[in-house]
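Since the structure comes first, as structure tokens, the remarks are kept for the end.
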There are 2 protein chains.
Amino acid sequence: MAAARGKPASTPAVRPGRIVAKGEGAALSADAIVDAALELTEREGAGALTVRRLGSELGVDATAFYRHFRDKDELVLAVSDRIIAMTLDVVVESDDWRETLRSITSAAYVINLRYPAVTSITFARITGGRAERAIVEKILATISRAGLSPAETALYYRAIVDAMLSLSGQAAAVANLEPAVRAKDESAWTQIYGLLSQSDYPITGAHAKELAALSEQDVFETIIEAVIEAIAARAAATSPQPAARKSRAKQSSRREEELN
Amino acid sequence: MAAARGKPASTPAVRPGRIVAKGEGAALSADAIVDAALELTEREGAGALTVRRLGSELGVDATAFYRHFRDKDELVLAVSDRIIAMTLDVVVESDDWRETLRSITSAAYVINLRYPAVTSITFARITGGRAERAIVEKILATISRAGLSPAETALYYRAIVDAMLSLSGQAAAVANLEPAVRAKDESAWTQIYGLLSQSDYPITGAHAKELAALSEQDVFETIIEAVIEAIAARAAATSPQPAARKSRAKQSSRREEELN
DNA sequence: ACCTGAACACCGTTCAAGT
DNA sequence: ACCTGAACACCGTTCAAGT
């Protein structure tokens, strides 16, 4: 809608010629397209992420896109890698590997939900890009500090990452729903499950209020915490220093350093 | 392709008239459309689940569909509820609430993956249907047996269900990829991450072989097991009978009955 | 009461043509 | 070297018309 070719009426001081309405005068490039895709999808939601819409946003024909990306899939993976880069930017490293994992996973969750249109398409994909390689190395290095075997380190790496990505994907899918559909689903615990016959669904009835009160982020953190605890339990069970066994209780992160 | 109107050449003994090629002569109905959607999507994959394709499969005009469902979303939720019913059919109840949760979650995972096209659309949705209400009641009843407070029962219900659904959705999204794209992504641990510079990505290099060897189902079970252990740990920490504290070690399921 | 079929407003993508 | 624009083969959905 904004800068469609042929009606630049609302744009003041339009220069003549072919490449007129291009935002800020930047030349079309892969990076400029990724920028526009991020900005457009955050501003207008999942429905706006089309090749045609991107073209009109950048003031070029829709098909100019194919000069810079093989197809839409390649663009979406590039955008995803940029989102991972943003995640890495806000991660806080800690001496405690548990705290570092919490920082990485919650940063990923929050930032993925700023871009649900992209997240819902890429949460089961591999970008292979620079940021993805960096976050893989960082998560593996963090889990390695717990002291598991290589096979268990790999298994729990995947457990953490798949939980983080799949729950982000699920929350993103909810965010992408049309508002009316989303409202219907979100009110289910009070509007559907809260009104069921107590004799047919007694346990549901007994928990409907508590279920309605939960936030998606609480659930996310509960699952991540369960996986972190599983790593700690495995580490304690296989630790070469039996003295470290009783680190179950909360201690100051100073004390944890000895384990890393 | 199969029973498209106008070329019933391959179908023998075709009756004349308007409602000719309708499969098995059954009248068009919501149930028949759900049947056809399940069968079609399992046989031909995600791309086949369109209103037009469903019409030609059933030997009717594509838009006849709108006589029985408000829109495609309503159909997809009805199909999803049928998939939940299939899951309930294979669940094995155990005296041990942990075993019952394992049975429910792994049944859901396996059956969801038989219908990835539907699962990838519905894994973040609420059907509100009969089967969904039954599985909600069953999972809540099972977790209740662990002896948590109502608030914690609700929290861990959501943790188990969200993990189960979101990981099913992620695996389904992978299954829906075009074969070439899927093969590229699945070979990433050997083709991309296995070939990185050892000096830039030392930890990744040290774990690439182990990462490539993991199956998605192993990861699924690891996450579910972590949540089950978290429930058991909370139950042990808040148990009214301190004698039950040492139920950590594996015991015969006979003994567990006392806790339920 | 139920089904048909033309039509609408979209998609991603290809390709010959322009500059 | 890069962009244009017509065209292709699709989508979900609406609606007046048929039986």
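The values are calculated or read from the model by the stated rules, or taken from the named source; none is laboratory data. The structure presented is a predicted model; accordingly, all values stated were derived computationally and were not measured. Every residue, glycine among them, receives a Cβ derived from its backbone with ideal geometry; neighbour counts consider all protein chains shown.
Considering only the stretch A:180-204, state which residues are outside any helix (DSSP H, G or I) and surrounded by 15 or more Cβ atoms within 10 Å (Cβ to Cβ). Can you show your working first?
Narrowing the stretch A:180-204 to residues outside any helix (DSSP H, G or I): A:187, A:192, A:196-201.
Answer for the stretch A:180-204, where residues must be outside any helix (DSSP H, G or I) and surrounded by 15 or more Cβ atoms within 10 Å (Cβ to Cβ): A:ILE192, A:LEU196, A:TYR201.
Based on this model, can you work out whether B:LEU165 counts as touching a Phe, Trp or Tyr at 6+ places or on another chain (Cβ under 6 Å) and either surrounded by 18 or more Cβ atoms within 10 Å (Cβ to Cβ) or at the interface with chain A (Cβ under 9 Å from one of its Cβ atoms) (or both)?
Answer is yes for this residue.
Give me the pairs, please: first residue somewhere in the stretch A:60-72 and near DNA strand D (Cβ under 6 Å from one of its atoms), second residue anywhere and not hydroxyl-bearing (Ser, Thr, Tyr), beta-carbon distance under 7 Å, and either six or more positions apart or on two chains.
A:VAL60/A:LYS22; A:VAL60/A:LEU28; A:ASP61/A:GLY55; A:ALA64/A:LEU28; A:ALA64/A:GLY55
Of the residues that sit in the stretch B:213-224 and are within 9 Å of chain A (Cβ to nearest Cβ) and of a type in the set (A, V, I, L, M, F, W, C), which one is surrounded by the fewest Cβ atoms within 10 Å (Cβ to Cβ)?
Restricting to residues being within 9 Å of chain A (Cβ to nearest Cβ) and of a type in the set (A, V, I, L, M, F, W, C), the top hit is B:ALA213.
What are the residue pairs meeting all of these: first residue in the stretch B:34-56, first residue within 14 Å of another protein chain (Cβ to nearest Cβ), second residue more than 8 Å from DNA strand D (Cβ to nearest atom) and among the hydroxyl-bearing types (Ser, Thr, Tyr), Cβ atoms under 8 Å, and 6 or more apart or on different chains?
Note: pairs meeting the criteria are B:ALA46/B:SER120.
Identify the residue in the stretch A:65-107 that is β-branched (Val, Ile, Thr) and within 16 Å of DNA strand C (Cβ to nearest atom) and, among all such residues, is nearest to the other protein chains (Cβ to nearest Cβ).
The selected residue is A:VAL76.
Of the conditions (1) within 11 Å of chain A (Cβ to nearest Cβ); (2) part of a helix (DSSP H, G or I); (3) modelled with pLDDT under 95, B:HIS207 fails just one. Which one is it?
Looking at each condition in turn, B:HIS207 falls short on (3).
Go through the stretch A:133-155 and give me each residue that's among the hydrophobic types (A, V, I, L, M, F, W, C) and either under 20 Å from the mean Cα position of the chain (by Cα) or within 16 Å of A:GLU229 (Cβ to Cβ) (or both).
Within the stretch A:133-155, the first condition is being among the hydrophobic types (A, V, I, L, M, F, W, C), and the residues that meet it are A:134-136, A:139-141, A:143, A:146, A:148, A:151, A:154-155.
Residues satisfying the conditions are A:ALA134, A:ILE135, A:VAL136, A:ILE139, A:LEU140, A:ILE143, A:ALA146, A:LEU148, A:LEU155.
Yes or no: the stretch B:231-238 includes at least one residue that is modelled with pLDDT of 90 or more, in a helix (DSSP H, G or I), farther than 27 Å from A:GLY128 by Cβ and touching a Phe, Trp or Tyr at 6+ places or on another chain (Cβ under 7 Å).
Yes.
Is it the case that some residue within the stretch B:78-87 is within 22 Å of A:GLU178 (Cα to Cα) and away from DNA strand D (no atom under 16 Å from the Cβ)?
Among the residues of the stretch B:78-87, at least one is within 22 Å of A:GLU178 (Cα to Cα) and away from DNA strand D (no atom under 16 Å from the Cβ), which makes the answer yes.
Give the residue that is surrounded by the most Cβ atoms within 10 Å (Cβ to Cβ), with candidates limited to residues of the stretch B:43-53 that are under 19 Å from B:ASP31 (Cβ atoms) and within 8 Å of DNA strand D (Cβ to nearest atom). Full working, then the answer.
Initial filter on the stretch B:43-53 (under 19 Å from B:ASP31 (Cβ atoms)): B:43, B:49, B:51, B:53.
Of the ones still in play, those that are also within 8 Å of DNA strand D (Cβ to nearest atom) are B:49, B:51, B:53.
Values: B:LEU49: 21, B:VAL51: 16, B:ARG53: 19.
Among residues in the stretch B:43-53 that are under 19 Å from B:ASP31 (Cβ atoms) and within 8 Å of DNA strand D (Cβ to nearest atom), the one surrounded by the most Cβ atoms within 10 Å (Cβ to Cβ) is B:LEU49.
Checking B:ILE121 against (1) farther than 24 Å from B:ILE33 by Cα; (2) facing another protein chain (nearest Cβ under 9 Å), which single condition isn't satisfied?
With respect to (1) farther than 24 Å from B:ILE33 by Cα; (2) facing another protein chain (nearest Cβ under 9 Å), B:ILE121 is out only on (1).
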